[in-house]
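The values are calculated or read from the model by the stated rules, or taken from the named source; none is laboratory data. Values in this document were obtained by computation on a predicted structure and should not be read as measured data. So basically every Cβ, Gly included, is an ideal-geometry build from the backbone, and we count neighbours across all protein chains shown. These accessible areas exclude ligands, DNA and RNA; they are computed on the full protein's heavy atoms, side chains included. Shrake-Rupley method; radii C 1.70, N 1.55, O 1.52, S 1.80 Å.
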Amino acid sequence: ASMSAGRDLPIDINHSIDLRGPKGEEAPARGWIKELQARADGIWARVEWTREGAALLADRAYRFISPVLGIDARDGKTVR
C-alpha cells in the first residue's frame with residue numbers, strides 16, 4: 001500500500017517533510033525509497049541515496065530510519 005501511488009517515497013532528516021514542509025521551510029529528501037519488500041524478518045527497502053544522504057551515512061551521522069506510519073483510525077492497524 002505504501003508504494004501504491006506509483007511514486008518513490010522520500011527519506012528526510014528528523015521528519016522535516018512533515019514538520020518543516022508545511023511551514024514552507026526547506027525539507028529536502030536525502031534518499032528515495034524505490035521498492036519495499038515484506039520479508040519474514042521485517043520490511044526491507046531499496047533506497048537511492050542523494051549525494052548528501054550517502055555522505056551522512058558514510059560519516060555515520062545517521063544510522064536508522066524512523067518511519068511515518070499511516071494508521072487506520074477505525075481499528076488502529078498500520079495500513080502504510
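Modelled this way, with points 7 Å down the Cα-to-C-beta line, the labels at ARG46 and HIS15 are 3.0 nm from one another.
Among residues other than LEU19 with Cβ under 13 Å from its Cβ, the summed charge is -2 (Lys and Arg +1, Asp and Glu -1).
Straightening the chain between ASP72 and ALA1 buys 24.3 nm, computed as 0.36 nm per residue apart minus the Cα-Cα spacing.
Can you give me the % of accessible surface on the range 33-72 that is carbon or sulfur? Probe 1.4 Å, all protein chains present, nothing else counted. Spell out each step's value before the answer.
Details: 1870 of 3400 Å².
Carbon and sulfur together cover 55 percent of it.
Summarising the label geometry, the points placed 7 Å from Cα in the beta-carbon direction at ARG80 and ARG60 lie 3.6 nm from one another.
Test of the criteria: in the chain, which GluC sites (Glu not before Pro) are in a DSSP loop and have at most 12 other Cβ atoms within 10 angstrom of their Cβ? Walk me through the intermediate numbers first.
Numbers: sites: GLU25, GLU26, GLU35, GLU48, GLU52; in loops: GLU25, GLU26.
Qualifying residues, ordered by number: GLU25, GLU26.
Send over a whole-number figure in Å² for the accessible area per residue of the chain, probe 1.4 Å. Intermediate results must be reported in sequence, preceding the final value.
On the way: 6510 Å² over 80 residues.
Heavy-atom SASA per residue in the chain reads 81 Å².
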